[in-house]
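I have placed the structure first, in the form of structure tokens, so that the comments after it can refer back to it.
Every number here is computed from the coordinates shown, using simple stated rules; none is lab data. The shown structure was predicted, so the numbers you read here are calculated from the model rather than taken from an experiment. Cβ sites come from the backbone with ideal geometry, for glycine too, and all protein chains shown count toward neighbours.
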Amino acid sequence: MHLADSVWPAVERHLFRDASGRRQGLLHVGRWHEFTRLPGRARSHTRERKWETFRLHGSLTGHRARFTGPDGDFKEPPASRRSGGHGLWAYEGPLAVVMSGLVEGKLVLPVRLPTAPCNQPILDHYLLDPSRWHKVDLVRTRSPQVPGGWRYEAHLMVLTPPYVSPLSKARRAEVAKAEANRAAGIDVNVSKLIIASQMEGRALRLTRVERDRAAREGEARRGRRERRRQRALERSRRALNRAQYQLSKRQEKRARRRAAADLPPVEVIPQGPRLARGGGVPLKAYRRTSFRRATAACAPRRPPLQHPRHRHGGTGPGAPPPSWSVSTATTSWSRTPPSQPGPATGGGGWPPSPLAYSCRPSTARRGR
């Protein structure tokens, strides 16, 4: 996928010095999770039918003609998958991304475009002229909601200026004409933006752009949620990798006190620093530590409620009396509430009524 072209410039910066006489560091192999982009080669704008790696076929007009309903509304195409790719140079149908160079041949994937009316001028600006299409990159982003945890996208680079609506163009031209003699300055801060302008030392204007209360509260909520997630991750890391951490000073003091009193040691989760070398580098990399699965981490602390039949080993006249609450079992398991008309002590039906245990006649005898 033309990745060697991106590797050689880094090797060249390491082997040869630049204008300042310095060289870059030695190359290293990155992590699999950091590999998020497959760059595609640009198409040739001087030769016809000169695409490599990834290319885009079809036209916006054919795409709209295919997915426009009888009422005239532009609808979103289905997320289908097609394979093939022969004879696509004269293809004028719906837009499709073609991936070449695969072992099994070419792969053709359909393109899904936004259907909102406000997005149609933007699509006309970028996709109406195929000669402006430059190259396609395959990009993946982390998305826990999709199968596999990754969302794959094809990014198209278009040789055209950014889209500006006609109203924005008219408003900018009007402001530029009216405020041509004003001098302005801008102060960019972390949480706010301040713009000041003046005209020959008078008519000072000051504008402050900052986040409102709702935005600040939302940021605070996201920060708390992220801190809780990090604390849970740290607890899981320490609990499952106790050999990689030291005891805290308080835990060491408690262990010495129990050892002096001839008491058995207590198993605790170490709260001290991670075992590391002299330079502070951990003995075992963080990416090689184990974590608790999401199903185990989210499991309830108390055991799940079991049915009386599974808990007491059967039902019937000879079954032992249950030790569970009638109201709890009625709410959780009984399909016929006690207030509903019907026999309270049925035969051997399933599920057994909770009142069948409480209302059955007793067989015990009173002795003298």
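Rounded, prolate or oblate for segment 233-297? Axes are the square roots of the Cα gyration tensor eigenvalues, ordered a ≥ b ≥ c, and the cut-off for rounded is a/c under 1.5. All intermediate terms of the calculation are to be shown ahead of the outcome.
Details: a/c = 3.22, a/b = 1.43, b/c = 2.25.
Note, shape of segment 233-297 comes out oblate.
Can you pull out the chymotrypsin sites (Phe, Trp or Tyr not before Pro) in segment 33-62 whose DSSP state is coil and whose Cβ has at most 14 other Cβ atoms within 10 Å? Provide the component values of the computation, followed by the final result.
Details: sites: F35, W51, F54; in loops: F35, W51.
Answer by residue number: F35.
Please arrange S248, S168 by how many other C-beta atoms lie within 10 Å of their C-beta, fewest to most. If you can, show how the numbers build up before the last one.
Working: S248 14, S168 10.
Fewest-to-most Cβ neighbours within 10 Å comes out as S168, S248.
What is the magnitude of the charge dipole of segment 189-263 about its Cα centre, with +1 placed on the Cβ of each Lys and Arg, -1 on the Cβ of each Asp and Glu, and no other charges, expressed in debye to the nearest 20? Could the numbers behind the result be given before it?
Numbers: 26 positive and 9 negative charges, 135 e Å.
Computed charge dipole of segment 189-263: roughly 640 debye.
If each residue's Cβ is checked for other Cβ atoms within 10 Å, how do K135, K192 rank with the fewest at the top?
K192, K135
How long is the gain from A173 to L204 if the chain were fully straight, where each residue apart is worth 0.36 nm and the alpha carbon distance is subtracted?
Working: separation 31, 0.36 × 31 = 11.16 nm, distance 2.17 nm.
Computed gain between A173 and L204 is 9.0 nm.
Size of the dipole of segment 31-158 about the Cα centre, Lys and Arg at +1 and Asp and Glu at -1 on the beta carbon, nothing else charged, in debye to 20?
Working: 20 positive and 12 negative charges, 97 e Å.
The calculated dipole for segment 31-158 is roughly 460 debye.
Kindly write out, for segment 128-137 in residue order, the coupling ³J(HN,Hα) from the Karplus curve 6.51 cos²θ - 1.76 cosθ + 1.60 (θ = phi - 60°), rounded to whole Hz, with x marking Gly and Pro.
Per-residue couplings from phi come out as 6, 9, x, 5, 8, 5, 10, 7, 10, 10 Hz.
In nm, give the distance between the simple-model label positions of D212 and S165, each being 7 Å from the Cα along the Cα-to-Cβ direction.
Result for the modelled spin labels: 1.8 nm.
Sticking with the crude label model, points 7 Å out along Cα→Cβ, report the distance from S44 to V268 in nm, one decimal please.
7.2
Stretch A10-M157 to full length: gain in nm at 0.36 nm per residue minus the Cα-Cα span? Could the numbers behind the result be given before it?
Values: separation 147, 0.36 × 147 = 52.92 nm, distance 2.37 nm.
Extra length from A10 to M157 when fully extended: 50.6 nm.
Rounded if a/c is under 1.5, else prolate if a/b is larger than b/c, else oblate: which is segment 31-158, with a ≥ b ≥ c the root eigenvalues of its Cα gyration tensor? Provide the component values of the computation, followed by the final result.
On the way: a/c = 1.58, a/b = 1.17, b/c = 1.35.
Taking the square roots of the gyration eigenvalues as a ≥ b ≥ c, segment 31-158 is oblate.
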